[in-house]
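Here's a structure for you.
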Amino acid sequence: MFTGIVEELGTVLAIEAQGLGVRARIGATAVLEGAKRGDSTAVDGCCLTVVELGDGWFEADVSDESLRRTTLGARQAGDRVNLERPLLVTDRLGGHIV
């Protein structure tokens, strides 16, 4: 579950075609704190699953449908994206649940 409150502006580092979708590498810092493979991260409001991560970046696969229905289909290396981690049960709600 996400609040819709952006935690950080990330940077698209790379977009690589993969079947009908893409694998996106996103540069980030705050949303990587405690992150691991399989975690969800919202990128421009689209919930994506972390499939790889390293020092200052994570990768997520984006389906063809997500590319068509979100801003992610127009993104390219160098673009800035809004990033948000999912809400924890113990977190204070500072906005609204989306």
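The values are calculated or read from the model by the stated rules, or taken from the named source; none is laboratory data. On a predicted model such as this, the values are computed, not experimentally measured, just so you know. No Cβ is skipped: glycine too gets one built from the backbone with ideal geometry, and neighbour counts run over all protein chains shown.
Need a quick list: strands (runs of 3 or more DSSP E) entirely within segment 1-70 having at least 1 residues that are without any contact (Cβ under 8 Å) to a residue 12 or more places away in the chain. First the steps, then the outcome.
Working: elements: 8-18, 21-27, 40-43, 46-54, 57-62.
Strands (runs of 3 or more DSSP E) meeting the threshold: 8-18, 46-54.
Which of the numbered conditions does E7 fail, given that it passes all the others? Conditions: (1) modelled with pLDDT under 95; (2) on the phi > 0 side of the Ramachandran plot; (3) surrounded by 15 or more Cβ atoms within 10 Å (Cβ to Cβ).
The failed condition is (2).
For segment 55-63, state whether one or more residues are at pLDDT 95 or above, small (G, A, S) and within 8 Å of the chain's Cα centre (by Cα). Full working, then the answer.
Of all residues in segment 55-63, those at pLDDT 95 or above come to 55-63.
Narrowing the set further to residues that are small (G, A, S) leaves 56, 60, 63.
Subset that is within 8 Å of the chain's Cα centre (by Cα): 60.
Yes, that holds for at least one residue.
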